1. Using a cut-off of 9 Å between beta-carbons, work out the net charge of the residues near residue 216 (Lys and Arg +1, Asp and Glu -1, residue 216 not included).
2. In terms of modelled amide H atoms, which long-range or inter-chain residues lie less than 5 Å from the amide H of residue 515?
3. Please list, ordered by chain and number, the residues whose modelled amide H lies under 5 Å from the amide H of residue 629; skip anything fewer than 5 residues away on the same chain.
4. Would you tally the net charge around residue 134, using a Cβ to Cβ cut-off of less than 10 Å, leaving residue 134 out, and scoring K and R as +1, D and E as -1?
5. Does segment 1-148 come out rounded, prolate or oblate by the C-alpha gyration tensor, with a ≥ b ≥ c the root eigenvalues, rounded set by a/c under 1.5 and, if not, prolate when a/b is larger than b/c and oblate if not?
6. Kindly report the accessible area of segment 1-142 per residue (heavy atoms of protein chains, probe 1.4 Å, no ligands, DNA or RNA), in Å².
7. For segment 43-111, just run the numbers: alpha carbon Rg, then divide by 2.2 N^0.38 Å, N being how many residues it has.
8. At a 1.4 Å probe, what is the % contribution of carbon and sulfur to the accessible area of segment 28-149?
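The values are calculated or read from the model by the stated rules, or taken from the named source; none is laboratory data. Everything quoted here is computed from the prediction, not taken from an experiment. In this analysis, Cβ positions are derived from the backbone assuming ideal geometry, glycine residues included, and neighbour counts consider all displayed protein chains. The area values use the complete protein model at the heavy-atom level, side chains included, leaving out ligands, DNA and RNA. Shrake-Rupley method; radii C 1.70, N 1.55, O 1.52, S 1.80 Å.
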Amino acid sequence: KEEITKVGKMLAMPNNKQLLNWYLHVVYPLISNAKSPPSSAVAIVFELFNQDLVLEAVQFLLGRNPHYDHIHTTVNVLCKWLGECTFFQNLKVWILALLQGLSEQEKFVLLDRIALDNIEMLFFRMILPALRPQVAPIVFHMLSSIHQAPEIFHKVSGSCNHSWSITSINLRSVNSQIVPYIPKVINALKKQSTIVGKTATDAQTCIQELVDLFNALMLRFADNEESYTRVKEVMRMYEPSQNCFVLARDMLEQVLPRNARVGLVNLGNTCYMNSVLQALAMTSDFVRQILLIESNSMLLLKMQQQLALMHHSMRYELTPSLVLKATRPPGFTPGLQQDSSEFLGYLLDLLHEHEINAHSAHINTETAQSKALKETTAEAPSSDEIVAAGVIPYNSKDFELCSRPVAPAINCHNATPTNVQSKKPPSTIDKTFAGKLSTTYKCLRCAWESRNEDSFRELQLSFPDDKDDCGANNYSVQDLIDYYCSAEKLDGDNQYFCPSCKKLCDAERRIGFTQPPRNLILTLKQFKYDQKYHFRTKLMHKVFHDESVVVKVCANDSLQETCSVQYDLYAGVVHAGYSMDSGHYFTFAADQSKNWFKFNDNMVTNSQPQEMHNLTSPNTPYILFYQMCGRSNEVSEDGHPMVPVPVVPPLKLDELPRTLRDYVKKDNRDYTEELKTMHFKRNMKRTNVNESGTMTRNGYEGDDEDDQSPPPTGGCGGNDLGMNMNRFVY
């Protein structure tokens, strides 16, 4: 070790990339062509590369169309060196980079050959604490990425009649005659876990990872179940973690379509519902609060189960038939395309009413004395605390200026108002989506003013008749917000009835935000009614979806700006088609790490914001979801920096209420059993062939894929793959 280190220092030339590449050019032929590998001392050259240079060198090596037998030999030599020396920290980086590069090139047969050559030796080395940090990542990678060679796993799981211990086996002479034995490896690690110190912690972590991996592999290769008897006896001593289900799903569903997140099956033109549910599921504070509600409402329970599964299910798609039945608005004919914005408004109202009614029922069960005591002792939170918590209490109020007679309350134009009794606490919907608007009417004849304040959960933004009204050639969301809040003259057939003048007069109407919502929902009014043809047509306006918009907040007794709030785009429902009564809805949405996804019913793929920006007709944005990310404390001429708004983290599986957590875990266990059954049937189909060459399955002869499968679902975006194993109907 001392001599090798000296050579390494002599060769080391910091930041001399050209010299390092020359070293590699000399060393690579030595280890890839030689019949017998050189001494592990040569590995010191690989230690001179940092991680970035390793990745660059591997990309160059695999990108020049190499002879893959040489790559095979090279990886085998590196694995041999890794198992011999404890002081080479970089070898595992090289090996993992090469394996990953081969996987990206889909050289799966070669990867299986490499694993078969090295898995025995590396698996034995995991017993030694000094070598475990280097070899364990390679072992886990090889076993978790087996393509079509179960022998890789069986080499470390097969039965063995040899009696051995850590001290009795010469680990340098492991060969194919020595069959590693998982129970004894686990037991050896268990003994190390009783030692105080880092060795014990490492051994415990390694045991859990092996338990998860081996349980997943036994599901993956279930056709050899009879050989896993002794392994299962040891596995029963340990509880698999959630990672076991993830590994099992990834292994067993290699032949099925992969989703970036959980999708929703189209039940026949129900994309209007799926797109909205997928956007709401990506609203972190809404999901967090709705999952924590304690209620006897069946509707709320169904929504909680739906959202919990969308975040934590191991399935690739769910079939939300009961949610559809419980939330379908009156007049929505099954099987026909509907307006997703109308469904969203109805769904939010429904959830709000059920939560408020459930709360009222709970209050009614208390005694009057207890209720009165709570009302007198409860401390009302301050406005600052409410805003900091993202809570929007409803307190609808109409008022006017100059102490004149109160004008009739008029709802803000193109806003979806909320109608909640002020004495009731705010619902989850109001906490996460409700804001307040103040509308001022000023008579241009007598200067009389009235002001109405209303709550809203959704703003419907109209397009100006003339693009110049927005001051730009192309529309943007910020332009439409500014246009919504700009002064509007009421004249002609649209005159205002002035209570002071007692007649219709020209007037001016202005709108301002007095309380911004935590999450801002904007519906772009892309549809209008054609008077000539009596048909709602689509405008096809090109809109730039601002990734950030700013809303100016005004005082509630005047429309003077007091501060501003910044919102970031996190979801958008897109309508594809030429009419509201036809076409298809799909959703773009991002998680809190700004990873974007495209939700197209049951198919979910990774995406980028540019994909949404580059939409072309007839694909147009319809509903946009923005999340509050910052607000300024005051307004100044020089501007004021935005104060970040704390991000609400999503609930982890173990943070869910017990009933929901158990519900999800049970379904994940059921799903692994379904996958196991599916894998078993697939193996039977490969082996059970009658004399005529026709597949025989459970006494049935035919050529359909699954005699238990329902017919493919119809409608836009429907699942026509003929697969139902991933679906969960609840």
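1. Result for the local shell: 0.
2. Amide H to amide H, under 5 Å and 5 or more residues apart or across chains, residue 515 pairs with 436.
3. 566, 567, 568
4. Local charge sum for residue 134: +3.
5. oblate
6. About 50 Å² of surface per residue is accessible.
7. Ratio of Rg to 2.2 N^0.38 Å for segment 43-111: 1.06.
8. On segment 28-149, the fraction of accessible area on carbon and sulfur atoms equals 54 percent.
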